[in-house]
Amino acid sequence: MSDLPDQSTALIRRLVVNAGPPCVTHLMSWTRVGDQILLEFGYFDLVAIRQQQAGQTSQGVTLSTAKPEPIKLDWFVTERLILDFDSAERIIDAVEDLKKQLPDFKKERQESAAATKTD
């Protein structure tokens, strides 16, 4: 049981501890650590990935080639968080809410991009 009150009955004040710009995140992973959950967030060096792909293309390997070399990825973990099960459930609920709203966000972005092209 969590020490936090139910969010429906609590007033939560948001305090940003790290006032720097947010980190880009391409991947999240999790693992169970005893009675807690470890979340790790991080990013890939997209420039290095594109350079590897360009190198393969210049060597005659294309996307239609049967066996291209695997791309070597470095995942830079920028955030590691430990959660109890109640906190993990709250995060899952928030992500599920985001998942429901993503189609609307994508549609807005597409409409904005289309409007920019016609301007």
Inspect all residues belonging to the range 21-43 and state whether any of them is at pLDDT below 85, in a loop (DSSP other than H, G, I, E, B) and surrounded by 12 or more Cβ atoms within 10 Å (Cβ to Cβ). no
List the number of the failed condition for Gln110; all other conditions in (1) assigned by TED's automatic domain parsing to the domain that holds Ala48; (2) surrounded by 10 or more Cβ atoms within 10 Å (Cβ to Cβ) hold. (1)
Test Ala54 against the stated conditions and say whether it is at pLDDT below 90 and not assigned by TED's automatic domain parsing to the domain that holds Ile37. no
Within the range 73-119, the count of residues that are in contact with a strand residue (DSSP E or B) (Cβ under 8 Å, 6 or more places away or on another chain) and among the basic types (Lys, Arg) comes to 1
So the check is Cβ under 6 Å with 6+ separation or different chains; which pairs have a first residue in the range 68-80 that's among the basic types (Lys, Arg) and a second one that's surrounded by 12 or more Cβ atoms within 10 Å (Cβ to Cβ)? Arg80/Glu40
Count of the range 80-95 residues which are within 14 Å of the chain's Cα centre (by Cα), charged (D, E, K, R) and in a helix (DSSP H, G or I): 0
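The values are calculated or read from the model by the stated rules, or taken from the named source; none is laboratory data. None of the values given here were measured: they were computed from a predicted structure. Positions of Cβ are generated from backbone atoms using ideal geometry, with glycine treated the same way; all protein chains shown enter the neighbour counts.
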